[in-house]
Amino acid sequence: MRFVLVDRVVSIEIPHRIETVTDAVGLDDVFADHFPGYPVMPGALIVEAFAQASQLLIAWSRELAEVGRLRRLSRVAFRHQVRPGDRLEIRCERRAGDDRWVLDATAVVASRRVAAATLEYDLEPAIPGTPAARAAQRLGALGRELLPVALGAAARDVRE
């Protein structure tokens with residue numbers, strides 16, 4: 001991940017859902033260019049925040065032995081703009097009764113829904129030396145930084 005758009009994991013219920021926070025600060029370069037004089041967070045970065053939260057849920061649900069590869073993105077809707085200083089609250093929830101990894105994602109700013117999407121993933125084994133293994137390492141490091149508070153004792157169990 002070149003840009004980490006998950007600032008904090010608020011809660012996680014493996015393998016069902018994850019809630020994260022992304023503060024729309026620190027994206028000064030992005031806001032300077034999109035759009036000059038009226039900065040708005042690009043929709044692609046909101047979708048990337050959905051994907052990063054989803055990938056954390058998948059990787060930790062699979063104990064970092066597999067990672068998710070985005071197969072399909074659908075039903076993407078942007079309802080309101082995200083501006084500098086906004087706190088983006090993201091919730092990704094796995095569809096119940098589905099063996100596949102299909103997640104419904106929503107983004108909220110100040111109790112106002114700003115975006116939604118459905119993300120579908122294939123699982124890829126994290127075999128040493130492969131891109132999937134490198135992704136698992138990055139997700140593992142990010143998870144160790146962000147998940148312990150959300151998971152409590154369960155985070156320690158997953159890491160051991």
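The values are calculated or read from the model by the stated rules, or taken from the named source; none is laboratory data. Remember, it's a predicted structure, so these values are computed and weren't measured experimentally. Cβ placement follows ideal geometry from the backbone for every residue including glycine, while neighbour counts extend to all protein chains displayed.
Might you check whether a residue that is aliphatic (A, V, I, L, M), exposed (fewer than 14 other Cβ atoms within 10 Å of the Cβ) and either within 26 Å of Ala136 (Cβ to Cβ) or at pLDDT 95 or above (or both) occurs anywhere in the stretch 19-39? Among the residues of the stretch 19-39, not one is aliphatic (A, V, I, L, M), exposed (fewer than 14 other Cβ atoms within 10 Å of the Cβ) and either within 26 Å of Ala136 (Cβ to Cβ) or at pLDDT 95 or above (or both), which makes the answer no.
Strands (runs of 3 or more DSSP E) fully within the stretch 1-84 that include at least 3 residues being β-branched (Val, Ile, Thr): 8-13, 17-23. Only a single criterion out of (1) within 22 Å of Arg8 (Cβ to Cβ); (2) part of a loop (DSSP other than H, G, I, E, B) is not satisfied by Asp98, namely (1).
Checked against the criterion of being modelled with pLDDT of 95 or more and under 15 Å from Ile18 (Cα atoms), the candidates Ala116, Ala155, Ala77 yield just one match: Ala116. The lone criterion from (1) touching a helix residue (DSSP H, G or I) at 6+ places or on another chain (Cβ under 9 Å); (2) closer than 22 Å to Pro131 by Cα; (3) surrounded by 15 or more Cβ atoms within 10 Å (Cβ to Cβ) left unmet by Phe50 is number (1).
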